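**Student:** I have a structure I would like to understand better, so I am pasting it below and will then ask my questions one at a time.
Rule-based calculations on the coordinates, nothing more; no lab input. Given the structure is predicted, the values throughout are model-derived calculations rather than measurements. Here Cβ is always computed from backbone atoms with ideal geometry, including for glycine, and neighbour counts include all displayed protein chains.
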Amino acid sequence: MQENHQSYRRTVEFKPGARNLFFHILTACNLSCRHCYINKDQHGGNMLNMEDIRTWLRVFHGGRVEETNVIFLGGEPTLHPQLPEAVRAARELGYSSVTIDTNGFLFHDLLVRLSPAELDYLSFSLDGSCPQVNDSIRGEGVFDVCTRNIQRAVRAGFAVSSIFTVSRMNLGDLPNMPALLHGLGVRRFFIQVVGIRGNSGRMTKCTQGVELQVARRDWENVVPEVARHAASLGIHVTFPKVFLDVSEPFQCAGLVADNYFVFPNGRVYRCPLCEDYAIHSMEICDGELRKRPPITERELFPLNIPEGCVFNRILQPGNISYDASGVPVNKIACCMLKEEIVPLPKN
Ligand code: SF4
Ligand code: SF4
């Protein structure tokens, strides 16, 4: 395990012109994770048919020459029997990269019906380095299935990444992840912070999310160090910035980036924090993308507040601290602002 790669750290700026489509092709899932962000009351239970998937992919690509990336999500996207066809449709349309985020169950023989060359990343969600931690969040037996399928995917030649959603339930276990992922052959590690929506929102409704959200000191004591350790093992790590000093610049991706969070009932959000509410900026009707009239999330993005992210302040303010005079001691960054630690190849 002693790889000792050198690495460098950088903030990933919002890339002008790059478009990212987060495409929820269904909301159904075989699991019921404690922090699941899917809200079927808002986004329905239907599964898009192949014709709609093709049309919607065309709507968001539109023949553009700039970078356009798609991430297929659910629910559990591998429950869709035509996911391989959806991946191929995205490739044919010219998407720059195609990723699938899975809970690890890989239904419908995905590894057999897709070739590694057709996919940029197959990304597995693991929220703990052992069954005790992971399965207390994601369900009994899930760790074993997920790690077994990571190994199968790596053996079959797929580029495999892993997503870990940090909350108070598992922050203490995060330092154990680099060794596990290195042993499994995972190439990229995405550390996320729990969002207070879906199940997490229901769990913490009365307490403003404080049981799940991690304080700045705890985040900064653990996450960057774990990322450095993973990078020293040759794993490329991405994690959200979350906390900004008051003097640091703030940008809202809703104003400066081109991200679309699309649900199978046609709702299109520009900010994932809003997904528990019917304030989506756009919707797909009859195969066309239409702007919705005010008031939507769009009208709130420009609000300039000392706490930084306006929807964090409204929907999940448990991570903001104030001084005795009521002034915030830090700002909350856009949830899409990331840092990376990139390992350098060894000589
Ligand atoms: S978090 Fe993902 S895997 Fe877990 S229940 Fe929700 S959709 Fe399924
Ligand atoms: S997370 Fe906050 S800063 Fe980012 S797009 Fe949403 S409202 Fe804007």
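**Student:** Just the Kirkwood number for the range 231-273, please: inverse of mean 1/r across all distinct Cα pairs, in Å, one decimal.
**Tutor:** Working: mean 1/r = 0.0736 Å⁻¹.
Evaluated on the range 231-273, it is 13.6 Å.
**Student:** Ok, one more. Please report Cys29, Cys274, Cys130 as a ranked list, fewest other C-beta atoms within 10 angstrom at the top and most at the bottom. Show your work: numbers first, answer last.
**Tutor:** Numbers: Cys29 17, Cys274 23, Cys130 12.
Final ranking by Cβ density, sparse to dense: Cys130, Cys29, Cys274.
**Student:** Could you please rank Trp219, Trp56, placing first whichever residue has the fewest other Cβ atoms within 10 Å of its Cβ? Please report the intermediate quantities before stating the final value.
**Tutor:** Working: Trp219 21, Trp56 24.
Lowest count first: Trp219, Trp56.
**Student:** What's the ranking of 87-96, 173-182 by average number of surrounding C-beta atoms within 10 Å, highest first?
**Tutor:** On the way: 87-96: 17.8, 173-182: 19.5.
Taking the mean over residues of other Cβ atoms within 10 Å, the ranking is 173-182, 87-96.
**Student:** What whole-number distance in Å separates the alpha-carbon centres of the range 11-85 and the range 106-130?
**Tutor:** Going from one Cα centre to the other spans 15 Å.
**Student:** Take the alpha-carbon centre of the range 260-310, take the same for the range 161-183, and report the distance between them in whole Å.
**Tutor:** So the two Cα centres are separated by 31 Å.
**Student:** Would you work out which of Gln132, Leu181, Val193 lies farthest towards the positive end of the dipole of the range 106-221? Charges go on Cβ: Lys and Arg +1, Asp and Glu -1.
**Tutor:** Farthest towards the positive end: Val193.
**Student:** Could you work out the local net charge near Ala28, counting Lys and Arg as +1, Asp and Glu as -1, over the other residues with Cβ closer than 11 Å to its Cβ?
**Tutor:** Details: positive: Lys40; negative: Glu76.
Neighbour charge sum, excluding Ala28 itself: 0.
**Student:** If you don't mind, another one. May I ask for log10 I(q)/I(0) of the range 173-295 at q = 0.11, 0.21 Å⁻¹, from a Debye sum over the Cα atoms as equal point scatterers with solvent left out?
**Tutor:** Values returned for q = 0.11, 0.21 Å⁻¹ are -0.57, -1.21.
**Student:** Along the charge dipole of the chain, which of Val223, Thr238, Val142 sits closest to the positive end, that is, farthest toward it, with unit charges on the beta carbon of Lys, Arg, Asp and Glu (+1, +1, -1, -1)?
**Tutor:** Projecting each Cα onto the dipole axis, the largest value belongs to Thr238.
**Student:** So what is log10(I(q)/I(0)) for the range 259-320 at q = 0.23 1/Å, when the Debye sum runs over its Cα atoms only?
**Tutor:** -0.94
**Student:** Whole-Å semi-axes of the range 21-108's equivalent ellipsoid, largest first, each the root of 5 times a Cα gyration tensor eigenvalue? Intermediate values should be presented prior to the final figure.
**Tutor:** Values: eigenvalues 106, 34, 30 Å².
Gyration-tensor ellipsoid for the range 21-108: 23, 13, 12 Å.
**Student:** May I pose another question? Compactness ratio of the chain: Cα Rg over 2.2 N^0.38 Å, N = residue count? Working shown, then result.
**Tutor:** Numbers: Rg = 19.5 Å, N = 347, 2.2 N^0.38 = 20.3 Å.
Against the empirical 2.2 N^0.38 Å value, I get 0.96 for the chain.
**Student:** A follow-up question, please. Assuming 1.002 mPa s and 20 °C, estimate D for the range 1-150 with Stokes-Einstein, Rh taken as the Kirkwood radius over Cα pairs, in µm²/s.
**Tutor:** Values: Rh = 17.0 Å.
Taking Rh from Cα pairs, D becomes 126 µm²/s.
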